[in-house]
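Inspection log for the structure reproduced underneath, given as structure tokens.
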Amino acid sequence: MSEEKNPPQSPPRSPVFEVESPEQHAALAHPLRQRLLFVLNQQPSTISQLAAQLATGKGNVSHHLKVLRTAGLVHVAETRKVRGGTEQYYQRSAERLSVAEPQAAGTAAMLGAVAQELDRSPQTALSLRHVRLSAEKARELAETLVRLVDEAADEPDEPSVHGVLVALYEQVRPTGTD
């Protein structure tokens, strides 16, 4: 089998991708696209590899990759000539997505995708706690949580991948009483 690699067609991955445009938010509003982003953060993969890993059809994966690529969330990391055809390896555009102003559809899709991952995982930790904090303390906690996740060192030879979702939000107070 003859393989010929071409150089990357897009810029290298950045550490953080800021999700801001309506197109980017819309791209995040589907659980399969969220799961594609999870997988593509680990290593570049072809449509066939992604379809097998996510137990779905190649046409389905191709459609959702196109949406993610148009929004700038994934790119073609490399192409290879194989058996007279061309394989494209897709990769996430950044190691971490930052959503400054989350939108309900994207948040629901992300939480749905995380729920699917939790359901399949042999090892989970899930905690929800409500605490009273000043605005300053809440900002400090958010910065600390993000820093802890950012500083977690990858172990390149370790095959186990762990997902980390960090959310800090102010609970909305009831507006009236019955």
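The values are calculated or read from the model by the stated rules, or taken from the named source; none is laboratory data. No experiment lies behind these values; they were computed from the predicted model shown. No Cβ is skipped: glycine too gets one built from the backbone with ideal geometry, and neighbour counts run over all protein chains shown. When the accessible area is computed, the model is the full protein with side chains, heavy atoms only, and any ligands, DNA or RNA have been set aside. Shrake-Rupley method; radii C 1.70, N 1.55, O 1.52, S 1.80 Å.
Within region 133-141, is there a residue that is open to solvent by less than 90 Å² (accessible area, probe 1.4 Å), within 30 Å of Ala51 (Cβ to Cβ), at pLDDT 90 or above and not hydroxyl-bearing (Ser, Thr, Tyr)? No, region 133-141 has no match at all. Scanning region 88-103 for residues that are in contact with a helix residue (DSSP H, G or I) (Cβ under 8 Å, 6 or more places away or on another chain) and of a type outside the set (A, V, I, L, M, F, W, C), we see that the one that is farthest from His30 (Cα to Cα) is Gln88. If you check Glu170 against the conditions, is it under 19 Å from Leu40 (Cβ atoms) and without any contact (Cβ under 8 Å) to a residue 60 or more places away in the chain? Criteria not met by Glu170. Within region 110-123, residues that are among the acidic types (Asp, Glu) reach partners that are in a helix (DSSP H, G or I) and open to solvent by less than 50 Å² (accessible area, probe 1.4 Å) with beta carbons closer than 8 Å, at six or more positions or on different chains, in the pairs Glu117/Arg35. Residue pairs whose Cβ atoms lie under 7 Å apart, separated by 6 or more positions or on different chains, with the first residue in region 59-73 and in contact (Cβ under 8 Å) with a residue 40 or more places away in the chain and within 12 Å of Glu23 (Cβ to Cβ) and the second open to solvent by less than 60 Å² (accessible area, probe 1.4 Å) and not in a helix (DSSP H, G or I), are Leu68/Val74; Gly72/Ser93; Leu73/Phe17; Leu73/Arg92; Leu73/Ser93. Is it true that Pro15 is open to solvent by 50 Å² or more (accessible area, probe 1.4 Å), outside any loop (DSSP other than H, G, I, E, B) and either within 29 Å of Asp157 (Cβ to Cβ) or modelled with pLDDT of 90 or more (or both)? Against the criterion (open to solvent by 50 Å² or more (accessible area, probe 1.4 Å), outside any loop (DSSP other than H, G, I, E, B) and either within 29 Å of Asp157 (Cβ to Cβ) or modelled with pLDDT of 90 or more (or both)), Pro15 qualifies. Against the numbered list (1) at pLDDT 95 or above; (2) surrounded by fewer than 15 Cβ atoms within 10 Å (Cβ to Cβ); (3) of a type in the set (A, V, I, L, M), Leu68 comes up short only at (2).
Applying the selection to region 20-61, what residues are of a type in the set (Gly, Ala, Ser), surrounded by fewer than 16 Cβ atoms within 10 Å (Cβ to Cβ) and not in a helix (DSSP H, G or I)? First the steps, then the outcome.
Applying the first criterion (of a type in the set (Gly, Ala, Ser)) to region 20-61 yields 21, 26-27, 29, 45, 48, 51-52, 55, 57, 59.
When the remaining residues are screened for being surrounded by fewer than 16 Cβ atoms within 10 Å (Cβ to Cβ), the result is 21, 48, 52, 55, 57, 59.
The answer is Ser21, Ala55, Gly57.
Any residue at all in region 40-61 that's out of contact with any Lys or Arg (no Cβ under 7 Å at 6 or more places or on another chain), under 26 Å from Asp150 (Cβ atoms) and at pLDDT below 90? The answer is yes; a qualifying residue exists.
Condition (residue is of a type outside the set (Gly, Ala, Ser) and either under 20 Å from Ala26 (Cβ atoms) or touching a Pro at 6+ places or on another chain (Cβ under 8 Å) (or both)) applied to region 114-130: is it met by at least one residue? So far as region 114-130 goes, yes, one or more of its residues are of a type outside the set (Gly, Ala, Ser) and either under 20 Å from Ala26 (Cβ atoms) or touching a Pro at 6+ places or on another chain (Cβ under 8 Å) (or both).
Restricting attention to region 86-123, the residues that are surrounded by 17 or more Cβ atoms within 10 Å (Cβ to Cβ), among the polar types (S, T, N, Q) and in contact with a Phe, Trp or Tyr (Cβ under 9 Å, 6 or more places away or on another chain) add up to 1.
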